[in-house]
Amino acid sequence: MTAPWHRARRILCVRLDSLGDVLMCTPAMRALRQAVPGRTLTLLSSASGAAALPFVPELDDAIAWSAPWTKSARSATTGAAAPAPIATLAARAFDAAVIFTTYTQSALPAALLCQLAGIPLRLAHCRENPYDLLSDWVPDPEPATLVRHEVQRQLALVQRVGCRSAGLGLSFVPRPADFTAARARLAAAGIDPDRPWILLHPGASAASRRYPAAHWAHVVRLLAQELQLPLVLTGSAEESELVDGIQFASAVPAISLAGRLALGELGAALRLAAVAVTNNTGPAHMAAAVGTPVVDLYALTNPQHTPWNVRSRVLFHDVPCRFCYKSTCPEGHQACLAGIEPRRVVDAVRALLDAARATPAAETA
C-alpha cells in the first residue's frame with residue numbers, strides 16, 4: 001500500500017446505484033476497512049443504496065443523493081435536480097474516495113464531484129484518460145478483454161491500493177429486532193419460522209427483470225401442490241397489487257407480506273426461509289448475504305450480477321438479444337424470462353431443498 005493510502009483514515013465509498021449494487025461492493029468495502037486500523041467508511045449512494053447503512057457493519061455513515069447522471073434520477077419528472085453535495089463532502093474532510101462503477105458507467109462525473117470537494121485521493125476504473133480527476137487510475141479491462149462478476153471487479157479495484165480481505169461474503173446483517181418482527185409476522189400468518197418454508201419475491205425495479213406474473217402464479221401453484229410447504233410472497237408496498245394478483249391467480253393458500261416488511265425484516269425473513277425465489281433484484285443479493293439458497297430468475301440484461309458465494313440456481317432462457325443492459329425489454333417480448341418454464345423453477349427449488357437436507361443445518365438467529 002502506498003503511503004498516502006496507508007495514511008487515509010476517512011474514506012468515501014461512492015456507489016450511486018441501488019441496494020443490490022451496494023451489497024455487491026461490501027467485500028471490497030471490508031477490504032478497505034480492514035487494511036488500516038481505525039479507518040472509517042461513508043457511503044455516497046441513492047436513497048435505496050443508503051438504506052443499507054444499518055445492516056452493513058463495514059459502513060459508519062451514509063449520504064443519500066440522486067446523481068443526475070444515474071438511472072435513479074430518471075424517475076424525477078418534476079422539480080430541479082438535487083444539488084451536488086460538494087459542500088457536504090468538503091465538510092467531512094475525507095482523505096480518499098473510492099468510486100465503484102459497473103463497466104457500462106463512467107466514473108468521471110463522480111470523480112469531478114470528489115475533486116471539487118477537495119478529496120485528495122480518488123480511485124476508480126476508467127477507460128479514457130482521466131488526467132487529474134483521478135489520483136489512482138485503474139484502466140478498465142472490461143468488456144474488451146474480460147467480464148467479471150461485480151464483486152470481483154470491485155475487489156480488484158481496491159487491491160490496486162493494497163487492500164485485501166479473506167472474507168468474500170456479501171454483508172447484510174439484520175438486527176435482533178428485525179428477527180423478532182419477522183418471526184411475529186410469520187407466526188401470525190400461521191407459519192412456524194423454524195420449519196421449512198419458501199419465500200418468493202416477484203417484484204423488481206426494472207420491468208425487464210420481472211418474471212411474468214402468470215408464470216409466478218403457476219410456480220406458486222406447483223410448489224403448493226408438490227412440496228406442501230408454506231409459501232410467503234414478499235414485495236414493497238408499491239408491489240402489493242402485483243403480489244395480490246399472483247396470489248389470487250394461483251388459487252392456493254399462499255401468504256402475502258407485501259408492503260408489511262421493513263428492509264431489515266425482509267432480510268430476517270430471507271435468513272429464516274429454506275429457499276428464496278427472486279428475480280435478479282436486491283433481495284437476491286440479500287439472500288446471498290444472509291446465506292439462504294436462492295433460485296434467481298435471471299433476465300439476460302447483463303451477465304455480472306448472479307448470486308455471489310451462496311448455493312443457487314440461476315435460470316434463464318437464452319436469446320440472441322442477451323445483455324441488452326436495458327430496464328425495459330427493447331424487443332418487447334422478455335423472452336429471456338418468459339421462456340423459463342415454471343416446471344424448471346420448481347425443480348430448482350426442490351434441488352436446493354434436497355442439497356440443504358444433505359448438509360448439516362446451520363443455526364438460525
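The values are calculated or read from the model by the stated rules, or taken from the named source; none is laboratory data. It should be emphasised that the depicted structure is a prediction, and the values quoted were computed from it without experimental measurement. FYI the Cβ positions are ideal-geometry reconstructions off the backbone, even for glycines, and counts take in every protein chain you see. These area figures cover heavy atoms from the full protein model, side chains too; ligands, DNA and RNA do not enter into them. Shrake-Rupley method; radii C 1.70, N 1.55, O 1.52, S 1.80 Å.
Projecting the Cα atoms of 14, 91, 179 onto the charge dipole of the chain, computed from C-beta unit charges around the Cα centre, puts 91 farthest toward the positive end.
Quick one: pull the percent of accessible area on the chain belonging to carbon and sulfur, 1.4 Å probe, ligands and nucleic acids left out. Can you show the working numbers first?
Details: 8470 of 15440 Å².
With neighbouring chains kept in place, the figure for the chain is 55 percent.
Of 47, 251, 299, which has the largest mean-square fluctuation in a 10 Å C-alpha GNM of the chain? Result for the chain, Cα springs under 10 Å: 251 fluctuates most. In this structure, the amide hydrogen of residue 277, modeled 1.01 Å from its nitrogen in the peptide plane, lies closer than 5 angstrom to those of 199, 200, 201, 295, counting only residues at least 5 positions away or on a different chain.
Rule-of-thumb check for the chain: C-alpha Rg over 2.2 N^0.38 Å?
Details: Rg = 20.9 Å, N = 365, 2.2 N^0.38 = 20.7 Å.
For the chain, the normalised Cα radius of gyration comes out at 1.01.
Which stretch or stretches of the range 311-328 have amide N atoms under 16 Å from the point lying 7 Å from residue 236's Cα along the Cα→Cβ direction? Residues passing the 16 Å test: 327-328. Build a GNM of the chain with springs between Cα atoms under 10 Å apart, and of 277, 290, 36 the one that fluctuates most is 36. Rounded to the nearest Hz, the phi-derived 3J(HN,Hα) couplings of the range 313-323 under the Karplus curve 6.51 cos²θ - 1.76 cosθ + 1.60 (θ = phi - 60°) are 10, 9, 10, 7, 10, 5, 9, x, 8, 4, 6, where x marks glycine and proline.
Multiply the residue separation of residue 7 and residue 252 by 0.36 nm, subtract the distance between their alpha-carbon atoms, and state the gained length in nm to one decimal. Let's see the in-between values first.
Details: separation 245, 0.36 × 245 = 88.20 nm, distance 5.96 nm.
Extending this stretch completely gives an extra 82.2 nm.
Pairs of Cα atoms nearer than 8 Å and 6+ residues apart set the relative contact order; for the chain it is 15 percent. For the range 181-202 versus the range 215-237, the spacing of their alpha-carbon centroids is 13 Å. Solvent-accessible area per residue in the chain equals 42 Å², computed with a 1.4 angstrom probe and all protein chains kept. Rounded to the nearest 0.05, the FRET efficiency derived from the C-beta distance between residue 84 and residue 321 at R0 = 25 Å is 0.10.
For the pair residue 192 and residue 146, a Förster radius of 45 Å applied to the C-beta separation gives a FRET efficiency near 0.45, rounded to the nearest 0.05. Can you find, among 50, 129, 25, the residue sitting farthest towards the positive end of the charge dipole of the range 7-145, where Lys and Arg contribute +1 and Asp and Glu -1 at Cβ? Checked the options; the winner is 50. Taken about its Cα centre, the chain carries a charge dipole of about 540 debye when Lys and Arg each add +1 at the Cβ and Asp and Glu each add -1 at the Cβ.
Treating only the Cβ of Lys, Arg, Asp and Glu as charged (+1, +1, -1, -1), what charge dipole size does the range 1-143 show about its Cα centre? Round to the nearest 20 debye. Could you put the intermediate results ahead of the total?
Numbers: 12 positive and 11 negative charges, 55 e Å.
In total the dipole reaches around 260 debye.
Taking GluC sites (Glu not before Pro) as exposed when their DSSP state is a loop state and no more than 11 other Cβ atoms lie within 10 Å, the longest site-free interval of the chain runs over 129-362.
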